[in-house]
Every structure is written in C-alpha cells, then in structure tokens.
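Some notes on the structure that comes next.
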Amino acid sequence: MKTSHIILLAFFIIASVQLSGAPKNSPVAINGKLQVKGVQLCNELGEPLVLRGTSFGWHNFWPRFYNKKAVKWLATDWKCNVVRAAMGVGPKGSYLDNPKFALQCITPVIDAAIKNGIYVVIDFHSHKMHTAEAKAFFTQMATKYGKYPNVIYEIWNEPDYFTWPEVKAYSEELIKTIRAIDPDNIILVGNPHWDQDVHLVAEDPIKNVTNIMYTMHFYAGTHKKWLRDRTDDAMAKGIPIFISECAGMEATGDGPVDEAEWQAFLDWMTDRKISWCVWSVSDKNETCSMLLPRASSKGNWDDSLLKSWGKISRNSIRATNDNVVKK
Ligand code: MG
C-alpha cells in the first residue's frame, strides 16, 4: 500500500472513531468499523476480529440490568468487547405492547456501549415473525445509530418453527429496510429451529448483500459436536457465522453446566475465530441466569454475587479478550 493511501486510511479511521466518540485504546477506537470478508468478521483494516461478550436477558423480564453502569462494568471488569441488548418481542409487556418501555431499556445500553468504545448487538429478541414491527423498529435504530461503528443489528433472534424460505424472505425485507438508511453496519440473520439450521442457509444463502452474518446459537449441554460439524460445513460453503447467544447448560437454560462440552465449543470458536455472546445477565433461579437476586443492578459484582455460570462466563471472556477499557 502506498504511504499516501495509508495516511488516507488512517484519516478515515480517526474520523470514524471521532464520530463514535470511542475512548482511546477501546476496542472500537482500535478496530473501527466492522466488515465481513469471506466468512470472517474483520475490523476496518480488514484484519480478523473476534468479539466476545455477554447478552442481557429479555428486557421485559430483567429491565433492572439495562443501565449504563452495568454496561461499563461488563466492559471493564468482564472485558467484554461486545454486549447484546435482547429487546423482548412477544411476551406480555415486551416491545409489541410497550415499545416506549422497550426503548427506554435498550437506549442506555446502546449509548453506554458507544461511550465505552465497545460493540453492541441490537437484538429483536423474538421467536415469531413480526415483519411490520421489525421494519419500523430497525428504521428507527438505523436512523439513530447507523453512523456509529459500534452497532450490529440482529433482526430476528430465534425463528422457531418457520421454514428457511420464510425466514429468508423476512430477512431480505429487513436487510432492504436497513440498507436504505445504513449501507454498512453488520446485520445478523437468524435461521429455523432457534438458529440451528445453518445447513439450510448454506444450501440457499441470501444473495447480493454485504456485511451480513448468520447466527448459530448453542447450549452446550444439549447441542454437541453435531452442531459444530454442521456449522463447519456451512462455513466451508462460505456462510459467515456469528454466535450471538450461547451457554453451557441445556437448551432450556437450566440443568447442569456441561463444562467439558462448553470447553470444546470455546476451543472450536477460538480456532475458527468465531465471535460469541453468552446468555445472560439476569437473576432468575435457573442455571443460565448469571447473577443472584441480591446482586446490584449496576455492576460491582464480586464472586459472591455471581452464580456458577456467571463465573464461568466471566472467566471465559477475560481469558481471551484483552480490553483496555478503564474502570
Ligand atoms: Mg453505518
């Protein structure tokens, strides 16, 4: 590359970073805008980048954790370079019947991610298809946040009993809606059976789009080597994978953590440079809820406030991320 090109590229990175207001040495200050090259998530320079972090739980069930201090704690103490705002769509009190409250919850999380210089997944956390509502929501999000390098759109968390042609048609519609406003931020696309059917995507991927990735979700106690193999096959066929939700116990979110399988998935994701978010920042009496009910809503969670899965999650993120976001 010519020196003049390097200077120009550096200028654009500095310009985009200034736009984000990302603090010096934060993941976003270092990596800038995201892009997909082949099957790999890359930073603005085209170098492979792996995002690792936590998902909040459904906002309608655990609104108390949707605040700026919790995000800051996850960025600094847990060393998350990404967090995921799981905006609940479907259950009583979620986005469909109270969009104002939903936005009141996710906005501080997105804004705090931007302020701390980490990436953030805006997740339309639904099992069913709500095309009109999703289009209106992402129109709003892309208009407000499309200029920030931090933001990743997840347009349908986990389609349950829909076919891939149905999910594909929905996704094409949503991609068109977002791209009319935001030409470049990463869009995550779901697939049938709670994001396990990546083999169907590989047979019939979405064409003529850029910077999209497909989600695979796993619960290590239920989904084992067969899902890693299926995902490997999809990647070999050119399908970029982002694991926006995963955990170590059974797919119900409960039951024992299968530590050997969790480690097998971790090693596999490290080897393939796949990004992941663990489920979830919540305090229910179930294995996947990382925190005890007496934990503060605003971080400062020492070991006595973390349940077993919280400790494993924090250790797994800290072992592999080297964030320099200051407390
Ligand atoms: Mg953009």
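Computed quantities for the displayed model
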read-out	value
For region 293-306, Karplus couplings with θ = phi - 60° (6.51, -1.76, 1.60), whole Hz, Gly/Pro x	x, 7, 5, 4, 6, 10, x, 6, 8, 7, 4, 5, 9, 9
Under the Karplus curve 6.51 cos²θ - 1.76 cosθ + 1.60, θ = phi - 60°, whole-Hz ³J(HN,Hα) for region 66-74, x wherever Gly or Pro sits	7, 8, 5, 5, 5, 4, 4, 4, 5
Dipole magnitude of the chain, debye to nearest 20 (Cβ charges: Lys/Arg +1, Asp/Glu -1, about Cα centre)	1380
Relative contact order [Cα under 8 Å, 6+ residues apart], region 50-321, whole percent	20
Cross-link reach list, aspartates and glutamates versus residue 68, counting only Cα pairs under 20 Å and skipping chain neighbours closer than eight places	77, 111, 123, 283, 302
Too-long pairs where the Cα-Cα distance tops 21 Å, listed order kept, from 100/176; 115/298; 69/147; 33/79	100/176; 69/147
Across 92/128; 37/207; 207/237; 128/224, pairs whose alpha-carbon gap is larger than 23 Å	128/224
Residues of type aspartates and glutamates that residue 273 reaches as a straight line, Cα spacing below 13 Å, ignoring anything fewer than 8 places off in the same chain	47, 232
Distant-in-sequence amide H partners of residue 81 (H built 1.01 Å from N, under 5 Å)	52
Solvent-accessible ranking of 168, 128, 176, largest area first, probe 1.4 Å	176, 128, 168
Gaussian network model of the chain, Cα within-10 Å springs - most flexible of 126, 304, 289	304
Sorted peptide list for 78-86, 177-185, criterion being average Cβ within 10 angstrom, highest first	78-86, 177-185
Nearest-10 value in Å² for the accessible area of residue 105, using the 1.4 Å probe	10
In Å², nearest 10: area of residue 160 left accessible to a 1.4 Å probe	10
Residue 222 - accessible surface, heavy atoms, 1.4 Å probe, Å² rounded to 10	60
Relative contact order of region 201-305, defined on C-alpha pairs under 8 angstrom at six or more residues apart (%)	24
Solvent exposure, largest accessible area first (probe 1.4 Å, DNA, RNA and ligands not counted), of 125, 193	193, 125
Derived scalar couplings ³J(HN,Hα) [region 101-109; Karplus, 6.51 cos²θ - 1.76 cosθ + 1.60; whole Hz; x for Gly, Pro]	5, 4, 5, 5, 7, 6, 4, x, 5
For region 50-321: Kirkwood Rh in Å [reciprocal of mean 1/r, alpha carbons]	18.3
Binned Cα-Cα distance frequencies in region 38-88 - 5 Å width, integer %	5, 18, 22, 18, 15, 11, 8, 2
Cα centroid separation - region 253-280 against region 65-79, whole Å	21
For residue 96, residues with placed amide H under 5 Å, excluding near neighbours	90
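The values are calculated or read from the model by the stated rules, or taken from the named source; none is laboratory data. Since the structure is predicted, the reported quantities are computational estimates derived from the model, not experimental observations. Methodologically, a virtual Cβ is constructed for each residue, glycine included, from the backbone with ideal geometry; neighbour enumeration extends over all protein chains shown. Only protein heavy atoms, including side chains, enter the accessible area calculation; ligands, DNA and RNA are left aside. Shrake-Rupley method; radii C 1.70, N 1.55, O 1.52, S 1.80 Å.
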